[in-house]
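Structure first, then comments.
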Amino acid sequence: MDKNKKDQIKINDLLFFDNLALVYLVQETPLTLLAKAIMVIDTKIANSIFTILTEKQKEILSVATLFEKKPSDLEKEQIIKSLILIAQNLYEKGLIYKKGLYFYGKQKQ
C-alpha cells in the first residue's frame, strides 16, 4: 500500500491499539510529552497506556506528571498532535498495522 494512501491516525484510534502498538508508542514518546499527554487525553486511553507500563515506568511517569503544569487549550492541542504524529510515524514505518478498526504492533524481526 502506498504510504500516502494509508489512514491518518486520530487520537481516538489509540483506544484500538493493542498492547504491542502501545509499547511502541510509549518507547517513541519522550517522557515529558508522555506525562503531558496523560494529563490531557481521554482517561480510557491513559489507562490503556498505564496497563502496558512496568512498575518503574509507572512510578517515573507519575512523578513526571507532578512537575507538569496544567496545559492551556493551545498546548493541549499541540500535545495531542505530537502524540498522533508519533503514532502515525510508527504506522507509516510498518511497526503498527491496521486490521478493521484495530491497530496491532508488528513483532520486530
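The values are calculated or read from the model by the stated rules, or taken from the named source; none is laboratory data. Source: prediction; values computed, not measured. Cβ sites come from the backbone with ideal geometry, for glycine too, and all protein chains shown count toward neighbours.
Structure above, values below:
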quantity	calculated
Failed item in (1) closer than 28 Å to Gln109 by Cβ; (2) crowded, with 18+ Cβ neighbours inside 10 Å; (3) among the hydrophobic types (A, V, I, L, M, F, W, C); (4) at pLDDT below 95, with Ala35 passing the rest	(1)
Pairs, first over 14 Å from Phe50 (Cβ atoms) in the range 21-32, second of a type in the set (Ser, Thr, Tyr) and at pLDDT 95 or above, C-beta under 7 Å, six or more apart	Ala21/Tyr104
Unique residue being in contact with a Pro (Cβ under 8 Å, 6 or more places away or on another chain) and more than 14 Å from Phe16 (Cβ to Cβ) when the list is Ile79, Ile52, Ile60, Ile86	Ile79
Near pairs, Cβ below 6 angstrom, 6+ apart or cross-chain, from the range 53-82 (free of Cβ contacts under 8 Å to residues at least 60 places away in the same chain) to any residue that is of a type in the set (Phe, Trp, Tyr)	none
Answer residue from the range 68-92, given it is surrounded by 14 or more Cβ atoms within 10 Å (Cβ to Cβ) and small (Gly, Ala, Ser) and is nearest to the chain's Cα centre (by Cα) among those	Ala87
Residue among Glu28, Glu59, Glu92 that is among the acidic types (Asp, Glu) and at pLDDT below 95	Glu59
Test: Glu55 is among the charged types (D, E, K, R), surrounded by 11 or more Cβ atoms within 10 Å (Cβ to Cβ) and on the phi < 0 side of the Ramachandran plot	no
